[in-house]
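The values are calculated or read from the model by the stated rules, or taken from the named source; none is laboratory data. This one's a predicted model, so the numbers in the text were calculated from it and none came from an experiment. FYI the Cβ positions are ideal-geometry reconstructions off the backbone, even for glycines, and counts take in every protein chain you see.
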Amino acid sequence: MREGRYADCTGRLAMLVPGDEELLGLVRIGIRFKTQQVGRRPGTLSLLILDCARTIGRPTFAKLLKELELHAARRNLHGESASCVEKVDRVWQLVTVHTKQGREQIPFATVRNHLTIAKKTIRTEISASANP
């Protein structure tokens, strides 16, 4: 294809189908929608576990649970705005958090899965920063 004036999608379409403004308008709308599609964004729990994993050095599940318990204690002392973690229940193996959907009880297995993803994310960040 030619570079320059007809390098974009609407330019190529105008060159192939001259005079069809309705079709060009639809393509322009489609391009705007395409820029909005960025994939699924991480939720509150994912971001919380990623943040905890970054602060605890070498992340393990036991260290993560201690960090989440600290968040719960901070919430008890300073109120709801201090943390979204309400409780870590080791007996029932549940972490109670407050997200946009409301109060949720997350099983330890889900927390482990989020920790694994956080470890992979941290590993890729470290390798990307090591190789500028």
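Scanning the range 96-132 for residues that are among the charged types (D, E, K, R) and either exposed (fewer than 14 other Cβ atoms within 10 Å of the Cβ) or within 14 Å of L68 (Cβ to Cβ) (or both) gives K100, R103, E104, R112, K120, R123, E125.
Could you list, in sequence order, all residues of the range 12-33 that are exposed (fewer than 10 other Cβ atoms within 10 Å of the Cβ) and among the basic types (K, R)? Within the range 12-33, R32 is the sole residue that qualifies.
Here's the yes/no breakdown for (1) modelled with pLDDT under 95; (2) out of contact with any strand residue (DSSP E or B) (no Cβ under 8 Å at 6 or more places or on another chain):
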| site | (1), (2) |
| --- | --- |
| K63 | no, yes |
| L68 | no, no |
| C84 | yes, no |
| V91 | no, yes |
| V95 | no, no |
| Q101 | yes, yes |
| T110 | no, yes |
| T116 | no, yes |
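Of all residues in the range 46-71 being touching an Asp or Glu at 6+ places or on another chain (Cβ under 8 Å) and surrounded by fewer than 20 Cβ atoms within 10 Å (Cβ to Cβ), which is nearest to Q93 (Cα to Cα)? First the steps, then the outcome.
Taking the range 46-71 as the starting set, the residues that turn out to be touching an Asp or Glu at 6+ places or on another chain (Cβ under 8 Å) are 52, 55-56.
Restricting the remaining residues to those that are surrounded by fewer than 20 Cβ atoms within 10 Å (Cβ to Cβ) gives 55-56.
Working: T55: 23, I56: 21 Å.
Among residues in the range 46-71 that are touching an Asp or Glu at 6+ places or on another chain (Cβ under 8 Å) and surrounded by fewer than 20 Cβ atoms within 10 Å (Cβ to Cβ), the one nearest to Q93 (Cα to Cα) is I56.
Being small (G, A, S), at pLDDT 75 or above and out of contact with any helix residue (DSSP H, G or I) (no Cβ under 8 Å at 6 or more places or on another chain) is the filter here; which residues of the range 1-52 pass it? Matches in the range 1-52: G11, G19, G25, G30, G39, G43. Report whether or not R75 is of a type in the set (K, R), more than 22 Å from Q105 (Cβ to Cβ) and either surrounded by 10 or more Cβ atoms within 10 Å (Cβ to Cβ) or assigned by TED's automatic domain parsing to the domain that holds I122 (or both). So R75 does not fit the description; no.
For beta carbons closer than 9 Å, sequence separation of 6+ or different chains, a first residue in the range 62-87 that is touching a residue at least 24 places away in the same chain (Cβ under 8 Å) and a second that is assigned to a helix (DSSP H, G or I) and among the aromatic types (F, W, Y), the qualifying pairs are L65/F108.
For the range 81-95, filtered to residues that are of a type in the set (A, V, I, L, M) and over 19 Å from P59 (Cβ atoms), the residue that is surrounded by the most Cβ atoms within 10 Å (Cβ to Cβ) is L94.
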